[in-house]
1. Name the residue from I110, V19, G159 whose Cα lies farthest towards the positive end of the charge dipole of the chain, charges +1 on Cβ of Lys and Arg and -1 on Cβ of Asp and Glu.
2. With springs connecting C-alpha atoms under 10 Å apart, model the chain as a Gaussian network and identify which of D66, D101, D152 has the largest mean-square fluctuation.
3. Set Lys and Arg Cβ to +1 and Asp and Glu Cβ to -1, take the dipole of the chain about its Cα centre, and tell me which of A98, L125, S64 lies farthest positive.
4. With +1 assigned to the C-beta of every Lys and Arg and -1 to the C-beta of every Asp and Glu, and no other charges, what is the dipole magnitude of the chain about the Cα centre in debye, to the nearest 20?
5. Across 5 Å bins from 0, what is the distribution of all Cα-Cα pair distances for segment 64-138, in whole percents?
6. Restricting to Cα pairs below 8 Å that are 6+ residues apart, what does the relative contact order work out to for segment 26-163? Please round to a whole percent.
7. Using only alpha-carbon positions, what ratio does the radius of gyration of the chain give when scaled by 2.2 N^0.38 Å?
8. Going by average Cβ density within 10 Å per residue, which order do the peptides 92-99, 68-75 take, highest to lowest?
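Read-outs: derived from the displayed coordinates by stated rules, not from any lab. These figures come from a predicted structure and were not determined experimentally. We place every Cβ from the backbone using ideal geometry, glycine too, and count neighbours over all the protein chains shown.
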Amino acid sequence: RNTNNCNLFREYGITRIFVTSPNINEIRSSTGWPIRSDGSLSFPSLSLISESFNNPETETTDGSFDLELNTQNLSVVANGIAYFQLRGNTQRFTATIAAGDSRIEAEELIAQEVVIAHRGSNDILVTPQQILRGVIRGTGDVLSFNQPDSVDIEELYRGRLIFKD
């Protein structure tokens, strides 16, 4: 039977891709579909990116990340409406929301050091163990689920550092 139809009206299935690699340095998402880990991702250094500044041809910045991690260095960069749900362990976690309404929920990510650069309108949730530093320039807050000994957060606009119990 001939099932060729007009591409304008036919249904497309959702393509699911599984990636296995001994080492991944960067995951860039420009899609509305979630990026999920199947178990813990154990890489020395990992960058999660959903932004359009460094790559102007990026169509969308609404990536969704749901990951369990075990890294030395973790970096998140977003400037749209991306959503990050992160858990696991890292030595150093750098979170940069350059603009937009992106949200980072990393209260289940145990990080020895957390560095924040926040210009967004949504919140960043973190659990630093030793060091929390950075700057809040937007309306979004930084919620910390632990108060480390070293805290150096500069609040330049409406966003605030809030310690949660």
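1. V19
2. Ranking D66, D101, D152 by mean-square fluctuation puts D152 first.
3. It is S64.
4. Numbers: 14 positive and 21 negative charges, 80 e Å.
Taking the Cα centre of the chain as origin, the dipole is about 380 debye.
5. Percent of Cα pairs in each bin: 4, 18, 32, 26, 16, 4.
6. Working: 449 pairs, mean separation 21.1, N = 138.
Relative contact order for segment 26-163 comes out at 15 percent.
7. Details: Rg = 17.8 Å, N = 165, 2.2 N^0.38 = 15.3 Å.
Cα Rg divided by the expected 2.2 N^0.38 Å: 1.16.
8. Details: 92-99: 21.9, 68-75: 18.8.
Order by mean packing, descending: 92-99, 68-75.
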